[in-house]
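Note sheet for the following structure.
Quick note: the coordinates plus some simple rules give every number you see, no bench work behind them. Quick caveat, the model's predicted, so the values are computed rather than measured. We place every Cβ from the backbone using ideal geometry, glycine too, and count neighbours over all the protein chains shown.
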Amino acid sequence: MTQTVLTESESPRSILDARPEHSADSPISVHAMTVAYSRKPVLWDVDYDAPSNALVAIVGPNGAGKSTLIKACLGLIPRAAGTVEFWGQSYKQARSKIGYVPQRESVDWDFPVSALDVVCMGRYRKIGWCRPVTKHHKLAAMDALERVGMADFAKRQISQLSGGQQQRVFLARALTQEAELYFMDEPFAGVDAATERAIIEVLRELRANGKTVIVVHHDLQTVPEYFDYALLLNMRVVAAGPVSEVFTNKNLHKTYGGRLTLLAEASEAVARAAGGN
Amino acid sequence: MRPGGTSVQPLIEPIDNASEIVKVLTLHGGFNTNAVILGTTLLGIAAGVIGAFALLRKRSLTADALSHATLPGIAGAFLIATALGYSGRSMPVLMLGAAITGVIGVACIHLILQHTRLKEDAAIGIVLSVFFGIGIVLLSVVQTSKTGSAAGINHYIYGQTAAMTRSDAYLMGTIGVIASLIALVMLKEFMVVCFNEGFARSTGMPVWLIDSILLGLVVLITVSGLQAVGLILIVAMLIIPPAAARFWTDRLWRLVLISAFIGGLSGYGGAAISAIFPRKPAGSVIVLVAGSLFLVSMLLAPTRGVLADTARRIRLRLLIARDHVLESLYEIELGIANSMHPHASWWLIRLMSLRGWIKQDPHGLVLSESGREQGKRIHRNHRLWEQYLVSYADIAPTHVDWSVDQVEHVLSDELIADLEAALLERGISIPASNGGRA
């Protein structure tokens, strides 16, 4: 039901502007993507081509759909409309070249595993079904822990780590995926200064090696210092491009503008019509 | 598979003297008794292994709904088999029926969750009770029917090892071994899905398939344990061993092993005890053994156990009381305080002089050399933290005392160094480490 409503709202626009097709050399190219969470649209008609070999910040207020955008790109939540391509390929084809750092709060840290166990999970796809984690993969995991400054904590149970250390373990796990494109969901949220330095160092190292990293970021102050590109998001793309161009007061005001936007109101209306809240 | 015979002789005879008890426990109680005890032990091990993953995937209550939803399948399979002229009491037939309605029950939970706004607890409660209700109605039909062999069917509710044949026991044991092996081979896949489903899916793992395999294993355990444990209590064999094992370890593979051990011990103990006292339903005895092991684990396990936790807390409280006494004696020496801290009870003073922190002197209590060092350190930590709170956290100087009293004892050396750096950075004078105020 929701889908019909949204597809209908699509049609007039696609007549109005002929939008670019997916670009094959962009690490990720999102076209006309709309996403709804339990009948309520949270992202409307997103078009975005990420540059390669860059650090990209996704910024926007709470509920702007930042995490949702990442999850929809990774196929973790269904898209109501639109397409996503990675280097001109589908997600399935490109999956081995994509790494992911979920939000730290999304897991139960009392889970009975060590930091090393968690990092090894990044290798499971390479290891294959029902095969044990071999020494070779454990060494790769140790190497990743070393890169985030956590080698001394490899044997620790994860609940004994501080929030920042847990975040670095997640980062190390993504590093073992040896990807070309990384998605990171709020890696800087609530971390200590040492962790923030470690993460930004790793990000720069990745960029120096030609990778692209797309980061959901909360701290507007550090955007110009840490990132090359920004995607300003509030249920739709407000602006996207080099930080120096798009990170302007006017754009930020449009993104964070105090009043409920018409989009948010429309979302509520769709949810209500679909028998929602 | 048992031939079409309809009457069942209890294979385990009542035993009432002590040497017989020892014989049963040491597997010298006769071939049939041994088969049942061995089968139940293997089932317990398998339930421990698979239960560990079900618990970590937070699916334990789904397993409960599943086991209750097997009753209509058991009664239905009996009715259909009898109507077709077969023996309604054939174990594989009943297990098949049980598995079918059990899975339908779980499917109903998923349908309710997908299409309504009900939460999981409500969905589980509804499915569990409605399916069990249907089962009871069908069971009453079974019991009023003229087939003489109907009587045994209600054993599946509470479990009755005494009614088991040797082949039933072998079937149960074999399924247990196979299910455990599958779970162990897939340890890695289960681990990542239980810990971080989103990440697993992002790497292309078919989470639905892994969940289905886990569900399939739970179904296997449930239906093969119906006869020995009964459908009401079988869920206990899936929950209690891993919950108890969690107290002993924080590594997954060790958790699985300990859980298997506790499950196996419960199965063995329960089957043996109910072989010695045949009127005790095996299911409840197994659960009572598991429950006792859980209680022991909860109380006695090092680090995660309740007693260890309490001991740690008492130790910390003693440490804080000791620090307070040392601090106030030190401050009395410096002349900035003139009364003893209220924590100074007579036995604490006694304990501290035994440990050589303080000495009794004609004028009263005085610090020993080591006690003075300690008092100086605490006094300084107190000042540092106080100044930090006042200058960084904007807390009024009159309000800092309580929070300082809690924190000063747990400050690590690194944290103290950080505090000093933070205060120096703001140009705030810090107390010199050689005591007194700077």
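Just to check, using Stokes-Einstein with a Kirkwood Rh over alpha carbon pairs, what's the diffusion coefficient of the protein assembly as shown at 25 °C and 0.890 mPa s in µm²/s?
81 µm²/s
Of all beta bridges that DSSP places with both ends in the protein assembly as shown, some 55 percent have antiparallel geometry.
A simple spin-label model places pseudo-atoms 7 Å from Cα toward Cβ; at B:ALA83 and A:ALA32 they are separated by 5.4 nm.
Give me the inter-chain shielding for A:89-100: mean count of other chain Cβ atoms within 10 Å, whole number please.
2
Taking trypsin sites (Lys or Arg not before Pro) across the range B:54-113, the ones in a DSSP loop with at most 16 further Cβ atoms lying within 10 angstrom of their Cβ are B:LYS58.
Projection of the Cα convex hull of the range B:208-251, averaged over all directions and equal to a quarter of that hull's surface, yields 3.9 nm².
Cβ-Cβ distance of A:THR83 and A:TRP129, R₀ of 30 Å, FRET efficiency by 1/(1 + (r/R0)^6): the value works out to about 0.55. Look at B:HIS68, B:HIS110 and count the other Cβ atoms within 10 Å of each Cβ; fewest to most, that gives B:HIS110, B:HIS68. Taking label points 7 Å from Cα along the Cα-to-Cβ direction, B:LEU300 and B:LEU316 give a separation of 2.6 nm. Working ranking of peptides A:107-119, A:81-93, A:182-194 by packing, defined as the average number of other Cβ atoms within 10 Å per residue, highest first, is A:107-119, A:182-194, A:81-93. In chain B, the DSSP-assigned H stretches of four residues or longer account for a calculated mean residue ellipticity at 222 nm of -23000 deg cm²/dmol, using -39500 (n - 2.57) per stretch and the full residue count as denominator.
Highest mean packing comes first when the peptides A:208-217, B:119-128 are listed by Cβ atoms within 10 Å, giving A:208-217, B:119-128. Between B:GLN160, B:GLN387, B:GLN227, the GNM of chain B built on Cα springs shorter than 10 angstrom shows B:GLN387 fluctuating the most. This ranking places A:TYR100, B:TYR86, A:TYR48 by how few other beta-carbon atoms lie within 10 Å of each, fewest first, which gives B:TYR86, A:TYR48, A:TYR100. Of the two radii for the range B:55-164, the radius of gyration is 1.03 times the Kirkwood radius, both from the alpha carbons; that is the Rg over Rh value. Using Cα springs under 10 Å in a Gaussian network model of chain A, which residue among A:ALA50, A:ALA32, A:ALA174 shows the largest mean-square fluctuation? Comparing A:ALA50, A:ALA32, A:ALA174 in the GNM, the peak value goes to A:ALA32.
Report the rotationally averaged projected area of the range B:231-334 based on its alpha-carbon convex hull, in square nanometres.
Working: hull surface 36.6 nm².
Mean orientational projected area (the range B:231-334, Cα hull): 9.2 nm².
Temperature 4 °C, viscosity 1.567 mPa s: under these conditions the Stokes-Einstein estimate for chain B, based on its Kirkwood radius over C-alpha pairs, is 49 µm² per second. The modelled label-to-label distance between B:ASP309 and A:LYS138, using points 7 Å beyond Cα along the C-beta direction, is 3.2 nm. List the DSSP H helices in chain B whose Cα atoms stretch 30 Å or more along the helix axis and whose mean Kyte-Doolittle hydropathy is at least -0.5. Helices meeting the criterion: B:31-56, B:91-115, B:120-144, B:252-276, B:306-334. Per-residue packing, averaged as other Cβ atoms within 10 Å, sorts the ranges B:193-206, B:25-38 into the order B:193-206, B:25-38, beginning with the highest. Once the convex hull of all Cα atoms in the range B:309-425 is built, its volume per residue stands at 128 Å³. Seen from a random direction on average, the alpha-carbon convex hull of the range A:127-243 projects onto 9.1 square nanometres.
Calculated [222 nm] ellipticity per residue, helices only, for chain A: -11000 deg cm²/dmol; basis is -39500 (n - 2.57) per DSSP H run with n ≥ 4, divided by all residues, nearest 500. Legend: mean number of C-beta atoms from other chains within 10 angstrom of residue C-beta atoms, peptide B:124-134, equals 0. For B:LEU111 and A:ASP152, the FRET efficiency from 1/(1 + (r/R0)^6), where r spans their Cβ atoms and R0 equals 56 Å, is about 0.70. Per-residue shielding of A:74-80, expressed as the average number of other chain Cβ atoms within 10 Å of the residue Cβ, stands at 2.
The stretch between A:ALA266 and A:SER244 holds 4.7 nm of extra length on full extension. This uses 0.36 nm per residue minus the Cα-Cα distance. Taking other C-beta atoms within 10 Å as the exposure proxy, B:MET340, B:MET352, B:MET186, B:MET172 rank B:MET340, B:MET186, B:MET352, B:MET172 from fewest upward.
With only Cα atoms counted, chain A has Rg and Dmax values of 19.4, 58 Å.
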